[in-house]
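> Structure incoming, see below.
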Amino acid sequence: MTLPIVERLREAATTLQEERVSMRDIAQAHGPEAHGTLLLLLAMPCLLPVPGVGTLLGLGMVALAVAMWRGQGTPYLPHRVANLELSRHWAQRVLQGLASAYALAGRHAKARWSHLTGPTWHSVIALVVALMAVIVVMPIPFGNVLPSLALTFIGLGLVFKDGIAVLLGLMGAGLAVSATGGLVLAVWLWGSAWLLA
């Protein structure tokens with residue numbers, strides 16, 4: 001399952017000709033949409049330092065979380081997210097990043113603890129996806145990295161039915177919440193001290 005998608009994504013990255021590439025085009029190169037693949041597609045660009053991308057894709061992840069919560073089997077990219085354009089350079093980076101993620105997962109991921117990827121856990125995962133999306137949208141320098149990595153692990157876990165990967169993603173989400181909460185608290189305390197000084 002892994003090799004064809006890795007080759008397809010790498011070929012798509014090397015053959016891009018357009019100066020601007022939409023998320024719709026990247027999704028078409030990626031293949032059929034499902035919860036896991038769409039989560040990967042939305043999380044991967046958030047790892048890159050592209051201004052404004054995290055905000056729009058974060059809203060797309062919220063829409064995906066709602067679809068997962070409702071048990072919708074066939075998710076789709078919201079219109080505004082699908083029309084988001086990246087430069088050819090960043091689109092190639094996204095496609096190569098997706099290819100690398102699938103290649104790495106193909107060597108290590110396997111169907112295990114599959115109950116963590118089943119419908120009974122989709123509500124929990126949906127809540128975590130929504131929470132990570134909120135953190136991604138927040139204007140915190142480099143604040144996208146931890147939640148996006150957590151979502152990448154969850155997405156790979158859903159694709160490969162690997163509960164271990166989902167569990168790693170949930171642990172990463174906990175770390176992202178702790179780091180963000182600590183940063184917000186530090187800023188609040190510093191701001192309070194500055195105002196009272």
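The values are calculated or read from the model by the stated rules, or taken from the named source; none is laboratory data. If you're wondering where the values come from, they're calculated on a predicted model, not measured in any experiment. Please note: Cβ atoms are built from the backbone with ideal geometry, for glycine as well, and neighbour counts cover all protein chains shown. Ligands, DNA and RNA are excluded from the accessible area calculation, which covers all protein heavy atoms including side chains. Shrake-Rupley method; radii C 1.70, N 1.55, O 1.52, S 1.80 Å.
> Could you grab me the full set of residues in the range 149-165 that are farther than 16 Å from residue 75 by Cβ, crowded, with 18+ Cβ neighbours inside 10 Å and of a type in the set (Val, Ile, Thr)?
Within the range 149-165, just 152 meets the criteria.
> Does any residue of the range 170-193 turn out to be of a type in the set (Phe, Trp, Tyr) and on the phi < 0 side of the Ramachandran plot? Before the answer, list the steps.
Initial filter on the range 170-193 (of a type in the set (Phe, Trp, Tyr)): 188, 190.
Then drop every residue that is not on the phi < 0 side of the Ramachandran plot, which leaves 188, 190.
Checking the range 170-193: at least one residue is of a type in the set (Phe, Trp, Tyr) and on the phi < 0 side of the Ramachandran plot.
> Select from the range 1-24 the residues that are out of contact with any His (no Cβ under 9 Å at 6 or more places or on another chain), among the hydrophobic types (A, V, I, L, M, F, W, C) and assigned to a helix (DSSP H, G or I) and list them in ascending order. Step through it out loud before you land on a result.
Filtering the range 1-24 down to residues out of contact with any His (no Cβ under 9 Å at 6 or more places or on another chain) leaves 1-4, 6-7, 10-11, 13-24.
Checking which are among the hydrophobic types (A, V, I, L, M, F, W, C) leaves us with 1, 3, 6, 13, 16, 21, 23.
Passing the criteria: 3, 6, 13, 23.
> Looking at the range 63-72, is at least one residue of a type outside the set (D, E, K, R) and farther than 19 Å from residue 128 by Cβ? Before the answer, list the steps.
At the first step, the residues of the range 63-72 found to be of a type outside the set (D, E, K, R) are 63-69, 71-72.
Among the residues that remain, those that are also farther than 19 Å from residue 128 by Cβ are: none.
The answer is no, given that none of the residues of the range 63-72 is of a type outside the set (D, E, K, R) and farther than 19 Å from residue 128 by Cβ.
> Select, from 106, 97, 143, the only residue that is closer than 19 Å to residue 9 by Cα and either in contact with a Ser or Thr (Cβ under 7 Å, 6 or more places away or on another chain) or charged (D, E, K, R) (or both). Steps first, answer last, please.
Numbers: 97 fails: either in contact with a Ser or Thr (Cβ under 7 Å, 6 or more places away or on another chain) or charged (D, E, K, R) (or both); 143 fails: closer than 19 Å to residue 9 by Cα.
Every option except 106 fails the conditions.
> When you go through 146, 168, 127, 183 one by one, which is the residue that is more than 19 Å from residue 40 (Cα to Cα) and either in contact with a Pro (Cβ under 6 Å, 6 or more places away or on another chain) or open to solvent by 50 Å² or more (accessible area, probe 1.4 Å) (or both)? Don't jump to the end; show me each part of the working.
On the way: 146 fails: more than 19 Å from residue 40 (Cα to Cα); 168 fails: more than 19 Å from residue 40 (Cα to Cα); 127 fails: more than 19 Å from residue 40 (Cα to Cα).
Just one listed residue meets the conditions, 183.
> Looking at this structure, is residue 20 farther than 21 Å from residue 169 by Cα, touching a helix residue (DSSP H, G or I) at 6+ places or on another chain (Cβ under 6 Å) and of a type in the set (Lys, Arg)? Talk me through it step by step, then tell me what you get.
Values: farther than 21 Å from residue 169 by Cα: yes; touching a helix residue (DSSP H, G or I) at 6+ places or on another chain (Cβ under 6 Å): no; of a type in the set (Lys, Arg): yes.
No, not satisfied.
> Still on this model: Taking the range 135-153 only, how many residues are assigned to a helix (DSSP H, G or I), over 14 Å from residue 98 (Cα atoms) and touching a residue at least 40 places away in the same chain (Cβ under 8 Å)?
Of all residues in the range 135-153, those assigned to a helix (DSSP H, G or I) come to 135-137, 145-153.
Next, from what is left, pick out any that are over 14 Å from residue 98 (Cα atoms): 135-137, 145-147, 150.
Checking which are touching a residue at least 40 places away in the same chain (Cβ under 8 Å) leaves us with 135-137, 145, 147.
Result for the range 135-153: 5.
> Okay, next question. When you scan the range 25-118 for helices (runs of 4 or more DSSP H) that lie fully inside it, which ones turn up with 2 or more residues that are open to solvent by 30 Å² or more (accessible area, probe 1.4 Å), out of contact with any Gly (no Cβ under 7 Å at 6 or more places or on another chain) and touching a residue at least 60 places away in the same chain (Cβ under 8 Å)?
53-70, 88-108
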